[in-house]
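Heads up: the structure comes next, in structure tokens.
The values are calculated or read from the model by the stated rules, or taken from the named source; none is laboratory data. Only a predicted model underlies this, so the values are computations on that prediction, with no experimental measurement involved. Backbone-built Cβ (ideal geometry, glycine too); neighbour counts: all protein chains shown. Ligands, DNA and RNA are excluded from the accessible area calculation, which covers all protein heavy atoms including side chains. Shrake-Rupley method; radii C 1.70, N 1.55, O 1.52, S 1.80 Å.
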Amino acid sequence: MLVEVYLPIPLKDSFTYRIKDGETTFGCRVSVPFGGRKLVGYVVEVCEDKQLDYEVKSILKVIDKTPVFTKELLDTAMWMSKVYISSPGQILSMMIPSGKRETESALFSEETDFTPIKKLSQEQQDALEEIVNNPGDTFYLYGVTGSGKSEVYLRAAEEVIKQKKGVIYLVPEITLTHQLMADISKRFSNRVALLHSALTPSQRLKHWHRIISGEADIAIGARSAVFAPFSNLGLIIIDEEHENSYKSGQTPRFHARQVAQKRAADFNATLIMGSATPSLEAYLSMKKGLMKRLDLRNKVAGGKDPKVMVVNMLKENRTISRELEEEIRSALSDKAGVILFLNRRGYTYYYHCNSCGHVIECPNCSIALTYHKNSESMVCHYCGYSEHLVATCPKCGSHDLAVKGFGTERVEEEAKKLFPSATIARLDTDIATADKEKVKQTIDQFKKGEIDILLGTQMVAKGLNFPRLRLVGVILADSTLSIPDFRAEERTFSLLEQVKGRAGRYRDDGRVVIQTYRIDNSAIKAVRDNKVNEFYEEELKVRKELNFPPYSRLVSLTLRSRNENSVKSAADNLYMLLEKAIEKSKYDDVSVIGLNPCIIYKKATNYRYQVLLSSANFIHLNTLITVTLEHYHTPSNVYIEIDVDPLSLL
């Protein structure tokens, strides 16, 4: 017998191998020889042996006894291959857990007591009825933080499971708490499959098999859970739809929202998205009536919108302003909780020479090293390079070196000086990476009141609920605004609105202090004045004028190489080829926005150039790039990254 196999390499063709009769079947993985390597392949066809005019090698080993993907998932992979300009083998490799054997994952106890279910509010009830009575439609739960979106999701899931259909529940990695998973597991009698990065590949594969065999009714996880192999999918839920973590940062750079829309359409399944701060793409879809908007305007646990104060930091010479200090003292005296949020880890932004102005940069990346006081080192947050603190400027030899900007470590130091009797804890990526148990422990201690001030990055801004929390201080709202990206305002607004939502969740006296150097910025003013719709409408107007998403689609082609001349020459050639292709094709709605060195020009020893293309007609844009790349000969020392609908242009 012969099998057609897709391989995880950037070639779109399948490859033929010989097998013994009955040795394997469609949907299984096999180990095969390819060149001088062994690769894992995905069997997509089994056929009778026939005479071919080339040598056919035999497979080395069968990995799976039973299929790990379905015809529908293969169709999804083929669709993704076209949309994201990637090979089917690379897509299948990313879809399917790479575990070799099934192992037990002891994430939950076997308790079957259900989480107590509260009575739904009228808003929740109305939203649920609309969803249940219109199966196969797309809905958006547009609800303020604490309005009970999760309960609506879970009730809708219960209704779908009663009909013997499967449910996929996507949450951003950042909010994938043990508590949420434990609650869902209990509620659905442990008929839950988990698909996320905290599990080993073998544990993920075990849950994957539980879905295929029908032992699980609901799959919960981050981005990759969108591929859960249900044979009868009835509902997909995307919580916190606006989150960037739904977009893959590695090839193939898919967006879980787009894949969810495709799979929901294939199964005629219901799709529910939700957020307090929808992406601009989702907001425009609601406006056009492409998805039904269901509003949840009231908080189910009581509480009121917090009072928001904006502080102009141009008048301050410290990291914690006098206004914020007063608010913290007031909260501490009432035994209420305080969160200080800063979207920057480390001690400072950068280390610079006062004599010649030289900024100490990473030798592998064209960005400044971040000073970490605890380890007395300078670290690159892109490639991981670190070096000990230097005493003299490497450029001019001066000893007059200073730190500029500030990070979580520095804010922690200042907070300890200002509030010596308060218990202060810091949570950022450095701590989370070093000790995951410490994260859980710190959050529990803050909930119980054993920690007074919790200081951190995005980890503390989203997805966590603290009834005793009264005050949120945003140390510097400008860090996301400084990024040269057309989405900077949208991201800043979303982040501040989410942070604000932490403070008014259970209490009537919630307060938010936003420190900024840009008090007139539209995103900051919209959060302060609670002008959400006005912000979206104004931002849409700007995007329309510039012809940026959501009014057009973008594709970024990033060329990288360790040889600066090679990558520059390759980028120039590709740019000219694309311009010629547009001229010949008569696709006058496609434009090459530009060819530029990337904002972070050097990253992990690679020099990088970006070619950015835009069009309101995605089929024209996609076809033109696909055909051009097929005719473009990429130099052997240059690599091209294709990013369809990029969320970052760095």
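In region 277-307, what residues are open to solvent by less than 20 Å² (accessible area, probe 1.4 Å) and assigned to a loop (DSSP other than H, G, I, E, B)?
Correct list: T277, P278, S279, M291, P306.
Could you tell me whether I514 is in contact with a Lys or Arg (Cβ under 9 Å, 6 or more places away or on another chain) and more than 19 Å from S648 (Cα to Cα)?
yes
D520 is checked against (1) open to solvent by less than 70 Å² (accessible area, probe 1.4 Å); (2) without any contact (Cβ under 8 Å) to a residue 24 or more places away in the chain and fails just one. What number does that condition carry?
It fails just one condition, (1).
In region 222-237, which residues are under 12 Å from the mean Cα position of the chain (by Cα) and either at pLDDT 95 or above or not in a loop (DSSP other than H, G, I, E, B) (or both)? Even if it seems obvious, please write down each step before you answer.
Start the filter on region 222-237 by keeping residues that are under 12 Å from the mean Cα position of the chain (by Cα), which leaves 222-224.
Matches in region 222-237: R223, S224.
Got at least one residue in region 258-272 being without any contact (Cβ under 8 Å) to a residue 12 or more places away in the chain, over 30 Å from T558 (Cβ atoms) and assigned to a helix (DSSP H, G or I)?
yes
Yes or no: S566 among the small types (G, A, S), at pLDDT 95 or above and either crowded, with 20+ Cβ neighbours inside 10 Å or over 27 Å from the mean Cα position of the chain (by Cα) (or both)?
On the way: among the small types (G, A, S): yes; at pLDDT 95 or above: yes; either crowded, with 20+ Cβ neighbours inside 10 Å or over 27 Å from the mean Cα position of the chain (by Cα) (or both): yes.
Against the criterion (among the small types (G, A, S), at pLDDT 95 or above and either crowded, with 20+ Cβ neighbours inside 10 Å or over 27 Å from the mean Cα position of the chain (by Cα) (or both)), S566 qualifies.
What single numbered condition from (1) in a strand (DSSP E or B); (2) within 29 Å of the chain's Cα centre (by Cα); (3) exposed (fewer than 15 other Cβ atoms within 10 Å of the Cβ) fails to hold for L11?
Tallying (1) in a strand (DSSP E or B); (2) within 29 Å of the chain's Cα centre (by Cα); (3) exposed (fewer than 15 other Cβ atoms within 10 Å of the Cβ), L11 fails exactly one: (1).
For K50, are the conditions met, namely being assigned to a loop (DSSP other than H, G, I, E, B), among the basic types (K, R) and touching a Pro at 6+ places or on another chain (Cβ under 7 Å)?
No; evaluated as a whole, the condition is false for this residue.
What tally of residues in region 57-90 results from selecting those that are assigned to a loop (DSSP other than H, G, I, E, B) and either over 20 Å from I625 (Cα atoms) or not polar (S, T, N, Q) (or both)?
13
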